[in-house]
Every structure is written in C-alpha cells, then in structure tokens.
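Reviewing the structure listed below.
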Amino acid sequence: MKRVKGWLLMLCIILPTLLLAGCQSVTYRAAHQDTWGRIQRRHKVIIGLDDSFVPMGFRQKNGKLVGYDIDLARAVFKQYGIKVDFQTIDWSMKETELKNGTIDLLWNGYSVTPQRQKKVAFSRVYLLNKQVLVTKKKDRIQNFQDMTGKTLGVQNGSTGMTMLDEYPKLLKDRIKNHKAVLYDTFPNAFIDLNANRIQGILMDEVYA
C-alpha cells in the first residue's frame with residue numbers, strides 16, 4: 001500500500017508496458033510487411049497516443065507535448081533522421097487506428113495482455129507498470145472489499161478496463177451495478193472523483 005499526494009493506492013495486477021508496432025495476422029504482418037521501408041522513404045513516422053497520460057505523454061498548460069515517451073521516441077528516430085509526428089487518438093480506438101494505417105505505431109505505455117497479443121505485435125519491454133486503485137483518503141478505502149456498492153471509474157480501452165473484465169472477482173463483482181463508469185481520459189475521471197461522483201479509479205501506477 002502506498003500513499004501518494006493524498007491518494008490511497010492499492011496494488012492490483014503487475015503488467016509489462018510495451019511499445020506497440022504492427023497489426024493484422026500479427027506475427028505474419030510484423031515479419032513480412034515493410035512498414036519500416038515506407039517510413040524511411042517519407043522520412044516521417046506517425047505515432048498515436050493519448051496526450052493526457054502523465055508522465056509518459058501529456059500537454060503542458062501552453063499546449064506543448066512533453067513526457068518520457070515523447071523524449072524517448074524523438075531520441076530513437078533522430079538516430080535515423082526521421083521526423084516524429086504525434087497524433088492524438090481516441091484510446092478506445094487505438095487498435096483500429098493502427099490497423100487502418102492512420103498511425104504507424106503506438107508509443108504510449110501500452111500494457112501487454114494475452115487478448116492484445118492476438119491483435120498487435122509488441123516490442124521488447126521497456127517499463128514495468130502496475131494497475132492500482134486510487135481513492136480519496138477521507139473515504140478510508142483500504143482494500144477492494146471496501147469498494148463494495150461504490151462507484152468505480154476507468155478509462156475506456158485502458159488496461160484497467162481489461163483487467164476489470166478479465167478478473168471480475170477482484171473488483172468488478174463488488175462495485176455498484178457490477179459496472180464501472182467509463183472515461184475518455186484520466187483527468188475527467190479525477191474531476192468526478194474530486195466531486196464525489198465516483199469513489200475510486202482503476203489506473204496505471206505511473207500516472208497515479
């Protein structure tokens with residue numbers, strides 16, 4: 001259990017967070033389709049991301065895009081003389097955007113799961129992340145049992161949402177209506193948490 005800036009965090013599930021590249025008959029396309037050649041010819045790569053995912057990729061008050069993944073992606077492609085364009089996407093549509101070719105890859109702390117491995121090709125792990133439950137200290141929620149009958153928020157298409165569905169006995173079966181409130185971004189979920197419209201958020205530890 002950890003306390004971070006007034007929030008109570010409880011470990012749920014540990015998952016490796018990975019750089020994503022590829023889609024279709026996953027392993028076949030990753031091994032045979034020359035998307036790298038296309039990127040080299042145009043000297044530009046289009047990276048899809050959720051631009052509200054602190055501290056990996058997010059916008060400052062002046063609108064500037066910053067973060068760990070932003071710096072890392074630029075540093076990598078600089079070695080190849082390739083310009084990086086970041087494209088904000090609806091995170092719940094990330095696999096569709098990749099499959100349709102509107103983006104070349106996802107670089108935004110995308111955790112590997114068996115379900116996702118059937119859809120996309122992952123790179124090697126570069127960060128170990130965790131899913132944690134974030135609540136207000138005043139609510140004195142010390143474990144998942146304390147969320148019984150309470151309202152939980154998750155980001156639509158997030159790893160938290162995937163874990164909630166795959167392991168319902170841990171948390172989903174306890175919360176109100178056995179269904180979480182879905183948000184496009186984590187900042188919107190925090191607004192509702194502060195307003196007491198929800199009592200917890202299942203999210204990435206790196207953000208929490």
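Selection among ILE201, SER158, ASN143 by position relative to the dipole of the range 111-208 gives ASN143 as farthest towards the positive end (Cβ unit charges, Cα centre). For a modelled paramagnetic label at ARG38, 7 Å from Cα along Cα-to-Cβ, the residues of the range 78-103 in reach, with backbone nitrogen under 14 Å, are 97-103. For ASN108, the shell of other residues with beta-carbons less than 12 Å away shows a net charge of -4, using +1 for Lys and Arg and -1 for Asp and Glu.
Accessible area per residue was computed with a 1.4 Å probe on protein heavy atoms; LEU133 scores about 0 Å².
At 0.36 nm per residue, minus the direct Cα-Cα distance, what do ASP71 and ASN194 gain on full extension? Give it in nm, one decimal, please.
Here the answer is 41.2 nm.
For the range 167-208, backbone nitrogen atoms closer than 13 Å to the point 7 Å from LYS136 Cα along Cα-to-C-beta are found at 190-201.
Net charge of the neighbourhood of ILE141, taken over other residues with C-beta under 12 Å away and scored Lys/Arg +1, Asp/Glu -1, is +4. For a 26 Å ceiling on Cα separation, which of these pairs sit above it: LYS99/LYS169; LYS118/LYS169; LYS130/LYS150; LYS137/LYS172; LYS83/LYS130; LYS64/LYS137? With Cα atoms farther than 26 Å apart: LYS99/LYS169; LYS83/LYS130; LYS64/LYS137. Taking a sphere under 12 Å around the Cβ of PRO187 and counting the other residues whose Cβ falls inside, with K and R at +1 and D and E at -1, yields a net charge of -3.
Debye-formula intensities of the range 50-102, expressed as log10 I(q)/I(0) at q = 0.18, 0.28 Å⁻¹, are -0.69, -1.10 (one equal scatterer per alpha-carbon, no solvent).
Between TYR126 and LEU182, the modelled labels are 2.9 nm apart [label points 7 Å from Cα along Cα→Cβ]. When nucleic acids and ligands are ignored and a 1.4 Å probe is applied, ARG197 ends up with an accessible area of around 130 Å².
Our coupling estimate for the range 60-68, obtained by passing each phi through the Karplus curve with A = 6.51, B = -1.76, C = 1.60 and θ = phi - 60°, is 6, 4, 8, x, 5, 7, 9, x, 4 Hz, Gly and Pro reported as x.
Only Cα pairs under 8 Å and 6+ residues apart enter the sum, and on that basis the relative contact order of the range 68-190 stands at 23 percent.
The values are calculated or read from the model by the stated rules, or taken from the named source; none is laboratory data. Source: prediction; values computed, not measured. Every residue, glycine among them, receives a Cβ derived from its backbone with ideal geometry; neighbour counts consider all protein chains shown. SASA here: full protein model, heavy atoms, side chains in, ligands and nucleic acids out. Shrake-Rupley method; radii C 1.70, N 1.55, O 1.52, S 1.80 Å.
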